[in-house]
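Trainee: For reference, the structure I am asking about is given below.
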């Protein structure tokens, strides 16, 4: 089985980190290919980045021409999954929803711990529309940006604090609201004695499951094939720099 | 990986049918063992049967002493999953919630088609508490009891009618709200051109996923270990016959 | 009018305590008979106990052959009420929902204070499905198990603390989330100056009300009579001891 | 026990009809006194009437100086209950919420059948704020105004049609959404084989229940005593005629 | 364009303050006329006052016979808007809903800060029924009554404290839950660096918008014209004093 | 006041149509400038188009360097508003939410009538997240694509049929779920006797209102300024054609 994993930003190192996580989770017969958008934000933090990322990732999938059996979209809380579902004929699993689906099976309420507070609302919206918001007790930010995650001790302390707040709000299971943090998952889980779900791993298993069962996106209603029409994927060169 | 699948009723043939479905869905390294309760209802239709079934299935798992890695509970809309989660240290997946989790990934709204109308409310409650009720467009009964399912043509016609009602209510994906009906899944899917999710297959894949990721039920809060105490599992002999 | 009150566990002393409370609430023409299950848990704490209790209580009612006019089910947050509704032709009132119904009439939001935190989720689910969850501001545990309730001073202090947390969450009325605690009801009410509703008393009054008005459970839809079939109510002798 | 029943309009015959229903439901030791507002609308249909009625009924209770133990407010879907709760020290039960509370005990979903369609929204709002809207499957109008209810055959036919629509929407129990229609209750119930709850009767039983248990409105938060201040209850004489 | 602004109480100074705020917000071609009810409460705090106010304001509008193009109802959290909508043929905007509508455009969640805690529930209900409750993070009281607002320093401190609680609950925009406090709006906004919406100003702009677009209340369904009938607007003279 | 109106697609004629509608709604001192994205889809139908459009519109606003006081985003049900809110310091109003905000003021429930059925879910999501989904009775498609709207008689008939379905679901006010259809608004309104809200007009008035009141997007929490970083807005030349 061939799973394509799309990073939500243009940072190649992040793609590699995500692919490592995906491969660790993948079953024996599964190959994982990481794809990095050729345009978009270098990291996705906030709605502007998320919408830019969504278009870039759709464009990435649209122009990727090797065969594959499923798409995993690795941007926690980022937009775009419905668009990719319209586009391709294979199952599409977003890591946000994937983590929540598995978390629901492990406790009565789950919580998400993520990087910046500004992302919390976006994640809540993503879970709600995916249909798994009901049992989410809290989405808690750590105050750390993606670039701050380099300092392991500080990151660990910040995630533990956020995790405790999620538990105080009723979470019995935790979801790591960012990609590529295997070490963090283990530390938080061990210190708090709770299951911690990583979205990339969860999405890989759900994608494998759908493929194994021969299931793919419904074409009835929402996710019908895009109507053929003229679409231009991005600006012409010589544009002003970032906002 | 060893998955134990519990039937919700005492009918051995049903267990065998469920096990066939589970094995068809299981990955190469997975063994499936079907367990039939030694007491309880011969089929579960309605709340009385469901509660009787829940206790019998918990008792069944409690007294099963071979090792296993996950439990799949094969009673669509039946009670008991939280109790089994308290009891065992491995992941527990109920087929009702499992089907809904996968269905959410395949369309914006899903619908459930089931046997008797009297079961619809129970299924709605089960989905709601599992945290996946939001994107359920409808739960529709066929008017057929479990015993009526023998007549294939009539069953197929009734399920197609119910499926159309679910679609009219907005369903883009269907869930088969009963166990052991592989043929029906294919017929409905082909005739309506929609993905159809079978709960047993879905639960097997989710159980495999959780085991592969090393995830199991949280002990924090709701699903703590049962407090040791005196419990008597059923009536003494010489009791009155069924209601 | 003859009301049968079912204890949710096998402890005879608890039945007697509940019957005392029920009789104190009952009108002049009402007789109260307490029934203790012959099997099930000795106290109900958590889902496993609750499902075991549900089956045992249904079996208890099923095999009780004296005439009566209504059933009160005295297990706060415990399962089973829908099953008993299917079974009998007279009104069935569960103490969880009963307390909430009356509490809704006494303030804009109510709170529930109960024993172990692990029961809070189960109570929330029970209120939600009964249709009275909306105005519940909080369900708060005291950390005390049923067996810890013997120490009156400690119990009182723990319930007062929990009650204050419920009030901070917006509760204007309190519900005592356990059976047989008349003294506690008075103490909490007086110290906090709030109405405190006891579920057993509330259920007795609601049962009397339904009987007086000639109302009983609808047979249309959910609570139709159980379909006749083979049902076995419990394990054969010589079983392994409790989990 | 002395229950005061307030009509929501100035029509004395309606008060008498309501009192008859209330007395039929009242227990042996209960006396029922009907109160008719000295001002307000002659019948309450729509929000304008409802707010006028609310002020008139509050004024009525405010100036009634005989002792009583509970207030039943007999205006289905009409406003005012929270204001009366602030005003008096005894329990206050509105017939809208009362009918819904009992209906929730009799089936998984209930439906309301009422007079004009324009009242349906008001009733839905009233049920929602009372905390019992969740299990309401539908509120259905008959197209008949209060004055049209004189033609018994037409009324019966219209209510049966509305009841069938409520059942098609999932109602298993019916609530009569208007006061003073004992005959209708029996006819609808018998023809459809469903329990039918009358709000006046339900409210009398709930009021009796609260009084018997020594429970009354919480003064904490929402329903604190009105702050003493200057209030003028209505216009000076010589005003323009009705809208 | 002629906007009529109705005060919810009989205090003329409050009307003048509200009119000043309305005029400051009104566009160049808009004239604002303040109307003070001739009866009702001198300030509206709690449900009893609110229902009395609703009837008095409806009566005020009913008997006001100069032409106008829209009605703004200036009682934060007070009842009556649906009744005025039935009555008049021009748009009706209540300041509670108006503030929330604009606040929704300025942030993902808004919070309301108001006077007495007892008003919070009423405001929550008003927002919910207006259809804009979803994105309300909190309604927080200051503990100050309307009469306490004279002490500017104390008022400012109390509102800042309440605003911080609203922000802690997730509010990104604030709504001032009382009329006539322009200074407060500026102070809170500057100190906290947040947009602060005043209901009177918001309602004036929304009323102007509806009039400019030629839109007015639908007569289909809920807000049909009141049925002609006998209505008496208030008590005869020689009544007992306030509660 | 200078309002910039962004079309969601690259079709210049559509921009002109939208600008005509915006100017018709704008107040005397308001100038309207229409902006057409230089890339993106030629019409937006479905999620793929919507995400592509969102990025293109954000890019459009980002690179537009004339001064303006507010942004109106004219894509019904399209994504992007939160991203533009992060980007600019002036108020941003999306026509979807704008229409709903005004519709809420005109009736108890509103309905949306739109082009293709596939857009209905997207519109529902947009309304829900904007906080105005509660009072939406239905979103109904006409089966017509944007290109089919040229045939006036067929379009009118299709929209009337859809409008009747919305009314049957409880809508008392209608929202036109597409831009640039002034004639349709009048026809539907007159034939059905209901207020019909056009999103472009509504958004212009709301934008004018916010500007007049000196209100703009909160920077606290969700809509903070985008973090400076490297972002690439679109693909390099020589790309494959549309999907």
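Trainee: May I ask for the distance between the Cα centers of segment E:1-47 and segment F:179-213, given as a whole number of Å?
Mentor: Centre-to-centre distance over Cα atoms comes out at 28 Å.
Trainee: Kirkwood-based Rg over Rh for the protein assembly as shown (C-alpha set), two decimals? Intermediate values should be presented prior to the final figure.
Mentor: Values: Rg = 31.2 Å, Rh = 32.8 Å.
In the protein assembly as shown, Rg relative to Rh is 0.95.
Trainee: OK, next. Please order F:58, B:113 by the number of other Cβ within 10 Å, starting at the fewest.
Mentor: Details: F:58 32, B:113 28.
Ordered by Cβ neighbours within 10 Å, fewest first: B:113, F:58.
Trainee: On to the next question. Could you work out the percent of alpha carbon pairs in segment A:67-108 separated by over 11 Å, rounded to a whole number?
Mentor: Working: 556 of 861 pairs.
The answer is 65 percent, as a whole percent.
Trainee: Compute the whole-percent fraction of alpha carbon pairs in segment D:1-96 spaced more than 24 Å apart. Write out the running numbers ahead of the final one.
Mentor: Values: 536 of 4560 pairs.
Percentage above 24 Å: 12.
Trainee: State, as an integer percentage, the relative contact order of segment A:177-239 based on alpha-carbon contacts under 8 Å between residues 6 or more apart. It would help to have the intermediate numbers written out before the result.
Mentor: Details: 20 pairs, mean separation 12.8, N = 63.
RCO, segment A:177-239: 20 percent.
Trainee: For segment E:18-65, just say rounded, prolate or oblate: build the C-alpha gyration tensor, square-root its eigenvalues into a ≥ b ≥ c, call rounded for a/c under 1.5, and beyond that prolate if a/b exceeds b/c, oblate if not.
Mentor: Values: a/c = 3.27, a/b = 1.76, b/c = 1.87.
Oblate.
Trainee: Determine the calculated [θ] at 222 nm for the protein assembly as shown from helices alone, applying -39500 (n - 2.57) to every DSSP H run no shorter than 4 residues and normalising by the residue count; nearest 500 deg cm²/dmol.
Mentor: Working: 48 runs with 601 residues, N = 1458.
-13000 deg cm²/dmol, from helical runs alone.
Trainee: So what does log10 I(q)/I(0) come out to for chain F at q = 0.09, 0.14, 0.16, 0.17 Å⁻¹, using the Debye formula with one equal point on every Cα and no solvent?
Mentor: -0.36, -0.88, -1.15, -1.29
Trainee: Provide, for q = 0.17 Å⁻¹, the log10 of I(q)/I(0) from a solvent-free Debye sum over equal Cα point scatterers in segment B:172-223.
Mentor: Reported log10 I(q)/I(0), two decimals: -0.64.
Trainee: Restricting to bridges with both residues inside the protein assembly as shown, how much of the DSSP beta-bridge set is antiparallel, in percent to the nearest 5? The partial results should precede the final answer.
Mentor: Values: 15 of 171 bridges.
Rounded to the nearest five, the antiparallel share is 10 percent.
Trainee: A further question follows. For segment A:47-167, compute Rg over Rh where Rg is the Cα radius of gyration and Rh is the Kirkwood radius from the inverse mean 1/r over Cα pairs. Please list the in-between numbers first.
Mentor: Values: Rg = 15.5 Å, Rh = 15.5 Å.
Result: Rg/Rh = 1.00.
Trainee: If you take the beta carbon distance between residue A:65 and residue B:12 as r and set R0 to 60 Å, what does 1/(1 + (r/R0)^6) give as a FRET efficiency, to the nearest 0.05? Let's see the in-between values first.
Mentor: On the way: r = 52 Å, r/R0 = 0.86.
Working from the Cβ atoms, E equals 0.70.
Trainee: Between segment F:88-113 and segment B:48-115, how far is it from one alpha carbon centroid to the other, in angstrom?
Mentor: Result: 43 Å between the Cα centres.
Trainee: If you don't mind, another one. Let me check the size of segment D:96-199 from its C-alpha atoms; what are the radius of gyration and Dmax in Å?
Mentor: Taking only Cα atoms of segment D:96-199, I get Rg and Dmax of 12.1, 35 Å.
No lab work stands behind these numbers, since they all come straight from the coordinates. Not measured: the values here are computed from a predicted model. All Cβ positions, even for glycine, are placed from backbone atoms using ideal geometry, and neighbour counts span all protein chains on display.
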